[in-house]
Amino acid sequence: MSRTVLIASDHGGFVLKGAIIQALRQTDWTVENLGPDCTGSCDYPQFADKLCQRLLDAGEDGQNGQMLGILVCGTGLGMSMAANRHQGIRAAVCTCDFMSRMARAHNNANVLCLGERVIGQGLGIDIVRSFLGTNFEGGRHLRRIGQFDTTTKP
Ligand code: RB5
């Protein structure tokens, strides 16, 4: 099955988004850029919602990690807050590749959030590589992430 990474940003994450897209061209991931197409000021929740909806439409578990999302804004914070409002989305702001590896392995994060004003391009691309290259470990971690949604609490 081909693997797809959805990516979107706001104006604050536009340049890092471009660098990530460029880096992913050398991998077997298919990249879908959900915008914006220019650096004009825009509202990050619109792009977070667009990406999360597209990911959830493909199935809550992102087809077992075959579809993942990346959201880039100035800090990664606004994007993660907006994304985590969607049930079934587990968005993680990461500032190092240890965090992005753990976000996948332990938290089954399906969206990576990055801050262009926080990290450089080289680090950003490393974080993306770790995120996309790590699988969820399941087991006890599945039980724990199952407790995220209030409806599943005892
Ligand atoms: C835009 O100026 C900035 O607020 C946004 O990119 C993001 O950092 C919000 O969390």
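What follows is calculated from the coordinates using simple rules that are stated; it is not laboratory data. Just so it is clear, the model here is predicted, and its values are computed rather than measured. Counting neighbours? That spans all protein chains shown, and the Cβs are built from the backbone with ideal geometry, glycine included.
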Order the peptides 22-28, 109-115, 77-83 from the highest to the lowest mean number of other Cβ atoms within 10 Å of their residues. 109-115, 77-83, 22-28
Residue separation times 0.36 nm, minus the C-alpha to C-alpha distance between Asn33 and Asp149: what's the value? 38.9 nm
Could you tally the net charge around Arg117, taking each other residue with its Cβ under 15 Å from the Cβ of Arg117, Lys/Arg +1 and Asp/Glu -1? -1
Where a ≥ b ≥ c are the square roots of the eigenvalues of the C-alpha gyration tensor, would you call segment 51-154 rounded, which needs a/c under 1.5, or, failing that, prolate if a/b is larger than b/c, or oblate? prolate
Grab the other residues whose beta carbon is less than 13 angstrom from that of Ala105, score K and R as +1, D and E as -1, and report the net. +3
Which value in deg cm²/dmol, rounded to the nearest 500, describes the helix-derived mean residue ellipticity at 222 nm for the chain, given -39,500 (n - 2.57) per DSSP H run of n ≥ 4 and division by the residue count? -11500 deg cm²/dmol
With a ≥ b ≥ c the root eigenvalues of the C-alpha gyration tensor of segment 1-119, is it rounded (a/c under 1.5), prolate (a/b larger than b/c) or oblate? rounded
Answer in debye to the nearest 20: the dipole magnitude of segment 1-62 about its Cα centre, from +1 Lys/Arg and -1 Asp/Glu charges placed on Cβ, is 240 debye
Assign one of three labels to segment 1-71, namely rounded, prolate or oblate, based on the Cα gyration tensor with a ≥ b ≥ c the square roots of its eigenvalues; rounded applies when a/c is under 1.5, prolate when it is not and a/b is larger than b/c, and oblate otherwise. oblate
